[in-house]
Every structure is written in C-alpha cells, then in structure tokens.
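K.L.:
I'd like to ask some things about the structure below.
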Amino acid sequence: MASAPSAASRIAVVTGASSGIGAATARRLAEAGYRVVLTARRADRIEALAKELTEAGHSATAYPLDVTDRAAVDEFAGAFRTIGVLVNNAGGALGADPVASADPEHWRTMYETNVLGTLNLTQALLPKLEASGDGTVVVVSSTAGLSTYEGGAGYVAAKHAEHVLAETLRLEIVGKPVRVLEIAPGMVKTDEFALTRFAGDSEKAAKVYEGVAAPLTADDVADSITWAVTRPSHVNIDLMVLRPRAQASNTKVHREL
Ligand code: 8X3
C-alpha cells in the first residue's frame, strides 16, 4: 500500500504564517516533523515564531513575503529544489457591506490576496512539489467558498474563486504526484480575522462570535489540515468542511444570548 513519505526533512511552506490559522498550521506541521518555512508580510512575527519553534527543537525558517508580489514569489521559489507541502492560507475579509454599497477597493484587495496570492504561490511552487515525487497543495478556503450570505459577496466571491482554483487544478494535474486538498472552515475565532474585516472595530468584531458557545479555534483548523496532509499519499482529501457544532450553515448559528 502506498504511504506518505516520512515528514522528516520534507519542507512545508505556509503562507500567512504570522497569526491565526497560518501560525497554528506551521506549529502543527513542525510538530509532525516537517521543516516549516513561514511566510507573511510581517517579518517580526514570523521570525519570532520560527525562533520559538527552533528553540523547541523543530526546523523552522522565516521568509518575509507578500503573496501578491509575483516577482518576489518567483524569487522565493528559486530558493528550493523540492517542496513537500504548500499551504495557501494567506488572505482574509475586508468589509461586510451589501453589494449596493461595498467598496470596490476591498473587493480588489480580497481578490488579490486570497485568489491571486494562491495562484502565485501554486504556480511558482508546482514544479518543486512535483519534483518532490509526492507533493501536496492545500488551499485554505472557507465555507464562504461554498455558499453565500448577505454582506459577504466580495469575500464569498474570492473564496468561491479559490474553491474553483482547487477543483480545476486537481483535474489538470491528475496523474502527477501532487495532491490538491481544500480545507473550508466555517466560524473560526482568531485574533485578527473579524477585526481586520471591520477595520479594527472591536465591538463589531466581537458581535460575530457573540453567544456562540465554542467557535472553532485556529488550532482546530490546523489540526484538520495536518491530519489531511499526513494521510497516505494515495488518499486525497478533496474537500473538508468544518464548522463549530453551534453553526449549521453560514447564516444559521446558535447563540446563547
Ligand atoms: C470565514 C467564514 O462565515 O466569516 O471564512 O465567511 S465567514
């Protein structure tokens, strides 16, 4: 039976590793034995995390990178001969306004970071993933990539695009030694997601999780990503949807108020 190669000495690149799901995933993959490469724009954050992981006996390096800067992404890719895992996590939401009044600049930024960021890293690293003989691309999308909700259109559109990118890539590279996994989390309470969406308005951000007994944590998602990545090579977890028990759909959430 085919099995996943040992994580030891395999490289896992994680984008958006400065906080939230990205940082938690870098931690989990390092603990699973991967040599993790942390990328994000905020150098101080990823350097601190790389130091922490290294001091704990793991292999971790930080590489400051803006996923929307294609030239920088290509230069980054040039530093590797092979890569085992690419986790496309960088992205996020800006605004929660209706279509009638949403800011087109928010839509543009969300498309660039979530969609083109994933495209840039995937294109640049695909040959290195293939060269590893057993590569894995992870697209961290969202339940927003599967259905919509009022006020979400810009983010929902970007996440739908990521979902389509993952599905299409899987069709296009079938037969090559690269898996394409999509992880679609629902409500995850992180330090920054809702705060960024509402431009630093902590009251609005807190409302997102108000009365919800136990939203998912970044580590819950990281745990699922790491589980999916560490399945035997012939097992492709095409799409994993995870939500807190209190959330039945994007719009149906149980709140104890
Ligand atoms: C985050 C889920 O519901 O805020 O990706 O769009 S939601």
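K.L.:
Just need a number here: residues in region 220-241 that are open to solvent by 50 Å² or more (accessible area, probe 1.4 Å) and within 17 Å of Y34 (Cα to Cα).
P.N.:
4
K.L.:
Something else: Does T168 count as surrounded by fewer than 17 Cβ atoms within 10 Å (Cβ to Cβ), among the polar types (S, T, N, Q) and farther than 22 Å from E105 by Cα?
P.N.:
So T168 fits the description; yes.
K.L.:
Going through region 84-107 one residue at a time, which ones are touching a residue at least 24 places away in the same chain (Cβ under 8 Å), open to solvent by 10 Å² or more (accessible area, probe 1.4 Å) and outside any loop (DSSP other than H, G, I, E, B)?
P.N.:
If the condition is that a residue be touching a residue at least 24 places away in the same chain (Cβ under 8 Å), open to solvent by 10 Å² or more (accessible area, probe 1.4 Å) and outside any loop (DSSP other than H, G, I, E, B), then H106, W107 are the ones that fit.
K.L.:
Kindly list, by first and then second residue, each pair from a residue in region 242-257 that is open to solvent by 80 Å² or more (accessible area, probe 1.4 Å) to a residue that is among the β-branched types (V, I, T), limited to pairs with Cβ atoms under 7 Å and residues at least 6 apart or on different chains.
P.N.:
Listed pairs, sorted by first residue: R255/V212.
K.L.:
Considering each of A144, A158, A153 in turn, give the residue that is out of contact with any helix residue (DSSP H, G or I) (no Cβ under 6 Å at 6 or more places or on another chain), in contact (Cβ under 8 Å) with a residue 12 or more places away in the chain and closer than 25 Å to A248 by Cβ.
P.N.:
A153
K.L.:
Restricting attention to region 117-153, which residues are touching a Ser or Thr at 6+ places or on another chain (Cβ under 7 Å), open to solvent by 40 Å² or more (accessible area, probe 1.4 Å) and away from the ligand (no atom under 16 Å from the Cβ)?
P.N.:
Those that are touching a Ser or Thr at 6+ places or on another chain (Cβ under 7 Å), open to solvent by 40 Å² or more (accessible area, probe 1.4 Å) and away from the ligand (no atom under 16 Å from the Cβ): K128, A131.
K.L.:
Do we have any residue at all in region 205-217 that's open to solvent by 50 Å² or more (accessible area, probe 1.4 Å) and more than 16 Å from the ligand (Cβ to nearest atom)?
P.N.:
yes
K.L.:
Say we look at region 236-253 and pick out the residues that are touching a strand residue (DSSP E or B) at 6+ places or on another chain (Cβ under 8 Å) and more than 12 Å from the ligand (Cβ to nearest atom); which of these is nearest to I83 (Cα to Cα)?
P.N.:
Filtering first and then ranking leaves N236.
K.L.:
Take the conditions within 30 Å of S132 (Cα to Cα), at pLDDT 95 or above, of a type in the set (D, E) and more than 12 Å from the ligand (Cβ to nearest atom) and apply them to D220. Does it pass?
P.N.:
Taking the combined requirement at face value, the residue satisfies it.
K.L.:
Suppose we filter region 189-210 for residues that are closer than 17 Å to G152 by Cα and among the hydroxyl-bearing types (S, T, Y); how many remain?
P.N.:
The total comes to 2.
The values are calculated or read from the model by the stated rules, or taken from the named source; none is laboratory data. Quantities reported herein were computed from a predicted structural model and do not represent experimental measurements. Note: ideal-geometry Cβ built from the backbone for every residue, glycine included; neighbour counts use all protein chains shown. Remember, those area values only see protein heavy atoms, side chains included, never the ligands or the DNA or RNA. Shrake-Rupley method; radii C 1.70, N 1.55, O 1.52, S 1.80 Å.
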